[in-house]
1. Find all pairs meeting these conditions: Cβ atoms under 6 angstrom apart; at least six residues apart or on different chains; first residue within region 61-76 and within 13 Å of F105 (Cα to Cα); second residue modelled with pLDDT of 95 or more and of a type in the set (F, W, Y).
2. Got a number for residues in region 112-147 being part of a loop (DSSP other than H, G, I, E, B), small (G, A, S) and surrounded by fewer than 14 Cβ atoms within 10 Å (Cβ to Cβ)?
3. Could you tell me how many of the residues in region 36-58 are β-branched (V, I, T), farther than 20 Å from P88 by Cβ and under 16 Å from the mean Cα position of the chain (by Cα)?
4. Based on this model, can you work out whether T120 counts as closer than 26 Å to A38 by Cα and in contact with a Lys or Arg (Cβ under 7 Å, 6 or more places away or on another chain)?
5. With D58, D106, D99 as the choices, which residue is farther than 21 Å from S141 by Cβ and of a type in the set (D, E, K, R)?
6. Within the bounds of region 71-89, is there any residue that is modelled with pLDDT under 95, among the aliphatic types (A, V, I, L, M) and closer than 15 Å to H117 by Cβ?
7. With respect to S150, is the statement that it is surrounded by fewer than 18 Cβ atoms within 10 Å (Cβ to Cβ), part of a loop (DSSP other than H, G, I, E, B), touching a Lys or Arg at 6+ places or on another chain (Cβ under 7 Å) and touching a residue at least 60 places away in the same chain (Cβ under 8 Å) true?
8. Does G84 satisfy the condition of being in a loop (DSSP other than H, G, I, E, B) and either closer than 18 Å to S51 by Cα or among the hydroxyl-bearing types (S, T, Y) (or both)?
Amino acid sequence: MNRSRRNPPWTLARRAALAALALATACSTVPTSPGGVAANVGGTWHYLAASAASPTVDGTLALTAGSGSGFTGSLDATEASALGQRLPLTGLVSGRASDATSIEFDIVIGSARLRHHVATVRADSITGTWIETGDSGAGASGSFRAGRIS
């Protein structure tokens with residue numbers, strides 16, 4: 001098999017772009033609402049994401065509030081396929097709150113997958129949607145929810 005077809009040269013560029021996007025998100029600051037109140041997302045959350053076209057992801061989302069409206073963290077989960085296979089899934093989280101109830105965050109999974117989340121925070125729950133991108137461009141999308149553990 002031709003090596004260049006198996007690993008196109010743009011694959012490394014796309015991976016670098018995903019890493020740069022995650023870094024830019026982690027380092028960016030977005031103004032909060034006029035009152036200056038950002039969503040309270042610090043803590044440990046039970047995360048559950050699903051869609052009709054992709055495996056279910058079930059695990060723990062650990063988030064730490066940063067300065068201003070930013071936050072970072074990690075995902076430690078399992079991905080269950082339609083065939084019942086359970087595979088470990090881990091990722092790094094970076095995000096920001098735009099006001100007291102609205103957040104956006106990315107989870108970088110491995111070197112080639114990025115899940116972008118847009119969500120609403122209400123008390124001890126987060127609900128929203130996600131879309132995944134990777135080497136082949138935009139992929140699966142779906143909904144997720146998270147409940148605060150601590």
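The values are calculated or read from the model by the stated rules, or taken from the named source; none is laboratory data. Values in this document were obtained by computation on a predicted structure and should not be read as measured data. Here the Cβ positions follow ideal geometry from the backbone for every residue, glycine too, while neighbour counts run over all protein chains shown.
1. Note: pairs meeting the criteria are L61/W45; L61/Y47; L63/F71; A65/F71.
2. Residues meeting the conditions: 2.
3. Final tally of qualifying residues: 1.
4. It is false that T120 is closer than 26 Å to A38 by Cα and in contact with a Lys or Arg (Cβ under 7 Å, 6 or more places away or on another chain).
5. D99
6. Yes, because at least one residue in region 71-89 is modelled with pLDDT under 95, among the aliphatic types (A, V, I, L, M) and closer than 15 Å to H117 by Cβ.
7. Answer is no for this residue.
8. Yes: the conditions hold for G84.
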